[in-house]
Ligand SMILES: Nc1ncnc2c1ncn2[C@@H]1O[C@H](COP(=O)(O)OP(=O)(O)OP(=O)(O)O)[C@@H](O)[C@H]1O
């Protein structure tokens, strides 16, 4: 989602409201949040009379966990975050914080009463405020001395005390991201929502900022929901991943679950590049141009799609396996991308092999396939 001027105003509204947290009840030890459970119960949403953006989403972020909301552009990730923050309203369903309804048919708790923090894609720091004042922004209910102390503690947590007096524009992208995180964490929200928090960073910076952010989230112990459209990012960050498509939850689980036991072809293709072969199941097996594979659970005559990960294919120059001819090779550093002509395959078969596995002039090769990286799905018109 692109951050708009309205978005900034919302940041201000949501952030300002977090001061409410600071003055209520007993506060935990420095740097620690009250982790909470956030539950979506059968959420539906549409913008005006338009098509439904969310269709029956039920999902729980457990206390202290990092839950990644993953999905293609337009699948409804940002809308789901905004509903939890209270800056968008669902048309049906309920949102619960620690089993208490905060949004439902007859309840709407204002954003500032929710103890839910929000970090936007472009950080949304106020350019004319120092970093310290940006972080103090959400602590207005505290005395000046207290808010300064709390803001400095939050900056220390993200390693930015030395930039307290700086203005945002002199900070690097990664530092601005950490400042935005400090601002969101300063009021010690029970739940922190992060909307594509690393998308504005260049790819080299991204890895280190992501690792730092995860460490800070762990230390703060807040429950976090992180929106991303990048499967690798979700696997790196999430204790669990919830994959959305067209406003519906497709699968929720640990990265290993989604990768190894994808619910359908859409999930599988979100996590790895695949060669696809349409085929008809035989008696527990299915024949493809790359050889026969097990098709347990399917009956003879079932239409299936066989998905072979690019990394499942090995190429050799010694006779054995499926014959293939090299069409193209591309050096990618750690690996090499191959396109191969294989008898019976309508389009070139793609493979990702270890560099140096084939001699420079190799043309005629033989392929073997790691069976654990072959997935067989029922063939449906909308399955990928
Ligand atoms: N203000 C709006 N008015 C009308 N439709 C909207 C509005 N905001 C978003 N949408 C539509 O709602 C759907 C879901 O949008 P949303 O931003 O939640 O998706 P997303 O998964 O976060 O996408 P992205 O990864 O591109 O940010 C999209 O089809 C989008 O075009």
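Extension gain, residue 368 to residue 100, is 91.0 nm, computed as 0.36 nm per intervening residue step minus the present C-alpha separation.
Calculate, for residue 239 and residue 334, the FRET efficiency according to 1/(1 + (r/R0)^6) with r their C-beta to C-beta distance and R0 35 Å; round to the nearest 0.05.
0.80
If you find the alpha carbon centre of region 284-300 and of region 317-332, how far apart are they in angstrom? About 23 Å separates the Cα centre of region 284-300 from the one of region 317-332. Using 0.36 nm per residue and subtracting the Cα-Cα separation, the extra length available between residue 296 and residue 357 on full extension is 18.7 nm. Label separation (residue 153 vs residue 219): 1.3 nm, computed from points 7 Å beyond Cα along the C-beta direction. Residue order for 37, 165, fewest other beta carbons within 10 angstrom first, comes to 165, 37. Were the residues from residue 346 through residue 323 laid out at 0.36 nm apart, the gain over their Cα-Cα distance would be 6.8 nm. Computed from Cα atoms, the angle from the helix 144-157 axis to the main principal axis of the chain rounds to 20 degrees.
Label point of residue 211 set 7 angstrom out along Cα-Cβ; within region 308-335, amide nitrogens under 20 Å from it belong to 334.
Neighbour counts of C-beta atoms inside 10 Å place 129, 40 in the sequence 129, 40, starting with the fewest.
The packing ranking, built from the mean of other Cβ atoms within 10 Å per residue, places the peptides 50-61, 187-198, 344-355 in the order 187-198, 50-61, 344-355, highest first.
A Cα-only calculation for region 259-357 places Rg and Dmax at 14.4, 43 Å. When you count the other C-beta atoms within 10 angstrom of each residue and take the mean per peptide, 357-367, 312-322 line up highest first as 312-322, 357-367.
Angle of helix 173-185 to the longest C-alpha principal axis of the chain, folded into 0 to 90 degrees and rounded to 10: 60°. Centre-to-centre, using Cα atoms only, region 225-253 and region 334-374 are separated by 30 Å. Each peptide in 151-160, 290-299, 78-87 gets a packing score, the mean of other Cβ atoms within 10 Å over its residues, and the list from highest to lowest is 78-87, 151-160, 290-299. Temperature 4 °C, viscosity 1.567 mPa s: under these conditions the Stokes-Einstein estimate for the chain, based on its Kirkwood radius over C-alpha pairs, is 56 µm² per second.
Computed from the Cβ-Cβ distance with R0 of 45 Å, the FRET efficiency linking residue 92 to residue 140 stands at 0.80. Label zone (residue 311, point 7 Å along Cα-to-C-beta; backbone nitrogen cut-off 16 Å) within region 353-375: 353-355, 369-375. Quick one: angle between helix 5-17 and the longest Cα principal axis of the chain, in degrees between 0 and 90, rounded to 10, please. It is inclined by approximately 60 degrees.
Read the figures in this text as sums done on the coordinates, not as results from a lab. Predicted model, so just to flag it, every value in this text is computed and none were measured. Glycine also receives a Cβ, built like all others from the backbone with ideal geometry; neighbour counts cover every protein chain displayed.
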